Amino acid sequence: MNGGDEVAAAPAGPPQSLDWKFSQVFGERTAGEEVQEVDIISAIEFDKTGDHLATGDRGGRVVLFERTDTKDHGVPRRDLERMEYPIGRHPEFRYKTEFQSHEPEFDYLKSLEIEEKINKIRWCQTANGALFLLSTNDKTIKFWKVQEKKVKKISDMNLDPSKAVGNGSIASSSTPKLCLANGGSPDRSYNYLGNDFSFPPGGLPSLRLPVVVTSQETNLVARCRRVYAHAHDYHINSVSNNSDGETFISADDLRINLWNLEISNQSFNIVDVKPANMEDLTEVITSAEFHPTHCNTLAYSSSKGSIRVIDLRQSALCDSHAKLFEEPEAPGSRSFFTEIIASISDIKFARDGRYILSRDYMTLKLWDINMDSGPVATFQVHEYLRPKLCDLYENDSIFDKFECCLSGDGLRVATGSYSNLFRVFGCAPGSTEATTLEASKNPMRRQVQTPSRPSRSLSSITRVVRRELITGAENPGVDANGNAFDFTTKLLHLAWHPTENSIACAAANSLYMYYA
């Protein structure tokens, strides 16, 4: 184009490690404050725009937060994006509203108590300025509409309320009295108006009665539009809405159902792994998610560490999978805990749908949907806990279900751990980024000071990369920083902003937000 003067651009190296900073905290605990069980956050989710954030807790409440740094003086968002903001500008949120989504119930047929804890929240498409979301507990899914409504008020009467007796009401007595046609009372002793009370100048005919008027003030109203119930015999672990905007799936241990948002009394069973004899049951469904852009594709994970991708176009009941992703077991490595720690607790599609991120107890794995020979990257999260698996089994911590998330650009992944720690890994080719952060106002306080071990290729064919963040084998009671790990404080739930490097994570009843 320019006479051959162009210089070939040097290949870009892996992105630099991010420097994470504390942004905000909601519901921060004071030292020694006891956390109420119902206040512990159990679900967290950004909407597609990143302008709203929802959390659910064990008390059945859903709390909504809205972004404030993009709402400067009514400037249109397109103009805001063109402005050059000073370095350090980051997403800021404020409390928007909250509502009681689920109440505790009791199933009398099965003598089963159904707790109100919110298991999952998923945002749906907005319409007419209203927000829509799905929330679910163990058995029942609800479709919520949250919108601003103008406040209706009672207009004032045209008399001086300061001269009224009691609470300002004219008729302060509930006792029925005989009244004459002109408004008088035959019982002269019944005088419920003060001596200094005065009617308007025109007398009774000119008295203006109160009427309901709509003011310019608004308040947020959450209304349950639909309830999707009685479709799951086992506990619901996942809800995922489809890119078509019309349907969603719900998954329990043995079945996945397909719903239409408009129809609450009917669903289609699309996956059923329940054997004819329950004694033959070898694995259960642990998580399920729709493809972000292909409305016919979804993936679900199992307790055996496998991920199956199914195509809804193949058959009505998707008993056979289109693709199966699993990592072969290393010879000689089998133990009593092998199947327990192989169970996948969460899967997420990357935003472009090319990769699937999975989290089992020990690792994060990144899978390319075009390559089912094995994960393209494996990140060691809990390898330092391997000598402690016996203790973790005794106190049930080995069954903790940690969530995972990907950045919007697909260059990084994150997941939680114990002692309120969470970890961020770079997954771009050549990246060695492996950061440990603590859910506190000083996230880098627990940062590993020594450089992370360089990634080493296990196979040039599958390009598997293992990164051991914490070794700790010499002293199984501490992590790489010399800190004793605390199994009672665990960071299970976190979410990555869809367009920016911002993470929201839940530590007990506190919501922490960080940016880079």
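Tabulated data for the structure shown
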| item | result |
| --- | --- |
| Mean Cβ count within 10 Å, highest first, over the residues of peptides 402-412, 30-40, 225-235 | 402-412, 225-235, 30-40 |
| Proximal aspartates and glutamates relative to Lys388, as straight alpha-carbon distance under 20 Å, when same-chain residues fewer than 8 apart are discounted | Glu339, Asp360, Asp396, Asp400, Glu468, Glu474, Asp479, Asp486 |
| Accessible-area composition of the stretch 248-344, carbon plus sulfur, in percent [1.4 Å probe] | 51 |
| Computed over the stretch 295-440, the ratio Rg/Rh where both radii use C-alpha atoms and Rh is Kirkwood | 0.98 |
| Lysines with Cα under 19 Å of Lys150, excluding same-chain neighbours fewer than 8 positions away | Lys96 |
| Gyration tensor verdict on the stretch 223-308 (Cα atoms; rounded if a/c is under 1.5, prolate if a/b is larger than b/c, oblate otherwise) | oblate |
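The values are calculated or read from the model by the stated rules, or taken from the named source; none is laboratory data. Model, not experiment: these values are computed from the prediction. FYI the Cβ positions are ideal-geometry reconstructions off the backbone, even for glycines, and counts take in every protein chain you see. The area values use the complete protein model at the heavy-atom level, side chains included, leaving out ligands, DNA and RNA. Shrake-Rupley method; radii C 1.70, N 1.55, O 1.52, S 1.80 Å.
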